[in-house]
Amino acid sequence: MSVMDQNTVRKVARLAQIEVQDSEIDAVGKKLEGIIGFVEQLSEVNTDNVEPLSSVNDIPCPLREDVTNDGGIVDKVLKNAPDSQEGFFVVSKVVE
Amino acid sequence: MAEIIRGNTGDWEMVIGLEVHAQAITESKLFSGAATAFGAAPNTQVSLVDAAMPGMLPVLNMKSVEQAVRTGLGLNSKINLYSVFERKNYFYPDLPQGYQISQYLHPIVGEGEIEIDLPNGEVKKVGITRLHLEQDAGKSIHDQHPTKSYVDLNRSGNTLMEIVSEPDLRDGIEVGAYLTKLRMILRYLGTCDGNMDEGSMRADVNISVRKVGETEYGTRCEIKNVNSIKAAQAAIDYESRRQIELLEDGGSVDQETRLWDPAQNVTRSMRSKEDAHDYRYFPDPDLLPLELEQGYVDDIKKTLPELPDEKKHRFMDSYGLGAYDASVLISSRSRADYFETVANDRDAKLAANWVINELLGILNKDGKTIEESPITSENLGKLVGLIEDNTISGRIAKDVFAEMYESGADPEKIVEEKGLKQVTDTGAIEAIIDKVIADNQDKVEQYKSGKDKLFGFFVGQVMKESQGKANPQMVNELLKKKLS
């Protein structure tokens, strides 16, 4: 395992907020290596003097007028929340 | 001169750059039609886009773009006609998307420069690195419950302009002057209300220290949670000394994010942020690159108001004011407008004196702003006019001013109704002088035998007898004649 050593797998899992058991690390690492290897094929294409492409659509970015026409739907917004109180989402304490 | 800190091993200086987050004034959010007003009931200003429901797509607010360009122009900065929104990835409960839409490699505004005014009268140029548009996060409340945090997404998705300065600042005083000037410019432009206590302008402080004479930068720390100019200065004082102590003890500074704790007056390491700078930016596939026409930028440029520094120089040049008076008067647009109405076609220095010393003096004492002044600018102008054309004396004017402040009345009416017009009739003044001389024969003798100081006594008596209405200059001249 070259690119995806155990520490890299742990770090990626932490950044993605995904729990990976120690027993799974090697297997997950192998799978990620496979994915990376597949995508790496793109580097075989010569891209010298080619501008990076931010979008495949050659159309201008659509803009909205600055008007208030949304919101006021606190019930809908909170509908999937596991816990809520007086209009707030309630989550496990997160504080430094 | 910037502050130098004397350590045990030599003299140190601070190197400081600021990242200021200014909430742009818009009706609706950066990418949704939900409202942005401060203080609404929790989660009532949240659309399904802001709540990051699956399948929702962001659509850019044209007003947010305009405000960013306007601010960039006001900061004398380069406007980039091509900019790109990217995703900055991190997890936090008040960021429902799991990423913040921001700009990274291609910000909407590039390099620029502003001038800051230091208390010693020095003017210093500070470089602006960039300004980019990004979404604000929601707000978490941690003190309502022992084990839970409460999340309100009303602020989530508001338009933020992140304004990054070059590391050109050298101490807390310069930082204060920079924040003051930046806030003034934003308010003049009408792009941000600059209220630090409501969080619509927030600062992160990047600070490192180095020996005086050294040209390389030291390792810096980023300090968050700095919510006022005073807090910024206190955090800088603490953090610079912490870093110097570390270095002088043979240690090193870790590059990290630290939190300012205003209760303890210390900065603390945010250990949980160890991966904080691994944001894995990439262009947001939900948004096309933003391309602007030069004509669009030019049109916005035409609508810019006179900015604080231009106004200051005009006040000095065309009204003949000193730098200090001019800087007091331009500190807000409404204050400057007020002064210009008062000074209109009148003695500008006299007008400045009445606005600064009398009006601002009493307003400050009462905790009021110039918008809340009971005296209109037109009426204060009339008062200055009455003094200028000798209708009333400066002393009477103070009484009239006090009454205007009480009642908001027109000074011309007050002077008329109370009969406060200055007496400039030679005969009338002579009659009073004659009476004073007759009543004080002994003093006249003493004066004539050389007690010059008594002249003031006679002036006082005449003014008292005339209830302050006699023209002081005429009293002086006529008295001199009569007593000689």
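The values are calculated or read from the model by the stated rules, or taken from the named source; none is laboratory data. Remember, it's a predicted structure, so these values are computed and weren't measured experimentally. Quick reminder, even Gly has a Cβ in these numbers, built from the backbone with ideal geometry, and neighbours come from all protein chains shown. Calculation scope for accessible area: heavy atoms of the full protein, side chains included, ligands and nucleic acids excluded. Shrake-Rupley method; radii C 1.70, N 1.55, O 1.52, S 1.80 Å.
Just the Cα atoms of region B:18-163: what Rg and Dmax do they give in Å?
17.1, 57
Got a sec? Charge dipole of chain B, +1 on Cβ for Lys and Arg, -1 for Asp and Glu; which of B:ASN76, B:GLY468, B:LEU287 is way out at the positive end?
Positive-end residue among those listed: B:GLY468.
Going by alpha carbons, how many degrees (0 to 90, nearest 10) lie between the helix axis of B:308-319 and the longest principal axis of chain B?
20
Which angle from 0 to 90°, rounded to the nearest 10, does the C-alpha axis of helix B:62-74 make with the longest principal axis of chain B?
60
Roughly how large, in nm² to one decimal, is the mean projection of the convex hull of the alpha-carbon atoms in region B:1-94?
11.4
Taking the Cα centre of chain B as the origin, how large is its charge dipole in debye, to the nearest 20, when only Lys and Arg (+1) and Asp and Glu (-1) carry charge on their Cβ atoms?
So the magnitude is around 920 debye.
Determine the dipole magnitude for the protein assembly as shown: charges of +1 sit on the beta-carbon of Lys and Arg, -1 on that of Asp and Glu, nothing else is charged, the reference point is the Cα centre, and the result goes in debye to the nearest 20.
1640
Among B:THR376, B:ILE429, B:PRO107, which residue has its Cα positioned farthest towards the positive end of the charge dipole of the protein assembly as shown, with +1 placed on the Cβ of Lys and Arg, -1 on the Cβ of Asp and Glu, and the dipole taken about the Cα centre?
Checked the options; the winner is B:ILE429.
For the protein assembly as shown, state the semi-axes of the equivalent ellipsoid (square roots of 5 times the eigenvalues of the alpha-carbon gyration tensor), sorted largest first and rounded to whole angstrom.
The equivalent ellipsoid of the protein assembly as shown has semi-axes of 63, 28, 23 Å.
Calculate the length of the line joining the C-alpha centroid of region B:298-370 to that of region B:185-248, in whole Å.
30
Just how far, in whole angstrom, is region B:424-463 from region B:378-416 if you go by their alpha carbon centroids?
29
Relative to the longest principal Cα axis of chain B, at what angle does helix B:426-439 sit, 0 to 90 degrees, rounded to 10?
Roughly 70 degrees, rounded to the nearest 10.
Principal axis lengths of region B:306-418 from Cα atoms, whole Å, largest first?
Each principal axis gives a Cα extent; for region B:306-418 these are 43, 31, 19 Å.
Could you list the trypsin sites (Lys or Arg not before Pro) in region B:364-429 that lie in coil according to DSSP, counting only those with at most 15 other Cβ atoms within 10 Å of their Cβ?
Loop-located and lightly packed - B:LYS368, B:LYS421.
Scattering from the C-alpha atoms of region B:426-483 alone, worked out with Debye: what is log10 I(q)/I(0) at q = 0.16 1/Å?
Cα-only, vacuum Debye calculation for region B:426-483: -0.41.
Compactness ratio of chain A: Cα Rg over 2.2 N^0.38 Å, N = residue count?
That ratio works out to 1.78.
Cα centroid distance between region B:91-110 and region B:155-176, in Å?
So the two Cα centres are separated by 17 Å.
By DSSP, what percent of the beta bridges with both residues in the protein assembly as shown are antiparallel, rounded to the nearest 5?
90
B:ASP442: accessible area at probe 1.4 Å, nearest 10 Å²?
Accessible area of B:ASP442: about 90 Å².
Above 15 angstrom, tally the Cα pairs of region B:201-283 and express them as a % of all pairs, no decimals.
60
Using amide H atoms built in the peptide plane, which far-off residues or other-chain residues are under 5 Å from B:VAL226 H to H?
The answer is B:ALA203.
Considering only protein heavy atoms, with the full assembly of protein chains and a 1.4 angstrom probe, order B:GLU198, B:GLU445 by accessible area, largest first.
Ranked list, largest accessible area first: B:GLU445, B:GLU198.
Kindly rank B:119-125, B:43-49 from highest to lowest mean number of other beta carbons found within 10 Å of each residue.
The peptides rank, most packed first, as B:43-49, B:119-125.
Compute the length gained on full extension between B:HIS145 and B:MET62: take 0.36 nm times their separation in residues and subtract their Cα-Cα distance, giving the result in nm to one decimal.
25.9 nm
By accessible area of protein heavy atoms, probe 1.4 Å, what ranking do B:HIS313, B:HIS21, B:HIS145 get, highest first?
B:HIS313, B:HIS145, B:HIS21
Take region B:81-140, compute every pairwise Cα distance, and split them into 5 Å bins from 0; I just need the percent in each bin.
Taking all Cα pairs of region B:81-140, the binned fractions are 4, 16, 16, 14, 12, 12, 11, 9, 4, 1 percent.
Determine how large the accessible area of A:LEU78 is when every protein chain is in place; take a 1.4 Å probe and give Å² rounded to the nearest 10.
Surface open to solvent at A:LEU78 totals about 20 Å².
Mind ranking B:PHE85, A:PHE88 by accessible surface for me, highest first, 1.4 Å probe?
Descending order: A:PHE88, B:PHE85.
Sequence-distant or interchain residues sharing an amide H contact under 5 Å with B:SER393, placed H: which?
Counting only residues 5 or more places away or on other chains, the set is B:GLN422.
Relative contact order for chain B: what is it in percent, counting Cα pairs under 8 Å that are at least 6 residues apart?
In percent, rounded to a whole number, it is 14.
Could you tell me what percent of the DSSP beta bridges with both partners in chain B are antiparallel, to the nearest 5?
Antiparallel bridges make up about 95 percent of those DSSP assigns within chain B.
So how far apart, in nm, are the two label points at B:ASP254 and B:LYS211 if each is 7 Å from Cα heading toward Cβ?
Distance between label points: 2.6 nm.
Using every pair of alpha-carbon atoms in chain B, split the distances into 20 Å bins beginning at 0 and state the percent of pairs per bin, rounded to integers.
In whole percents, the pair-distance histogram is 19, 40, 25, 13, 3, 0.
Considering amide H positions built from the backbone, and no H for Pro or chain starts, which residues 5 or more places from B:ASN471, or on another chain, come under 5 Å of its amide H?
Placed amide hydrogens put B:VAL423 under 5 Å from B:ASN471.
Set Lys and Arg Cβ to +1 and Asp and Glu Cβ to -1, take the dipole of the protein assembly as shown about its Cα centre, and tell me which of B:LEU189, B:VAL49, B:LEU420 lies farthest positive.
So the residue we want is B:LEU420.
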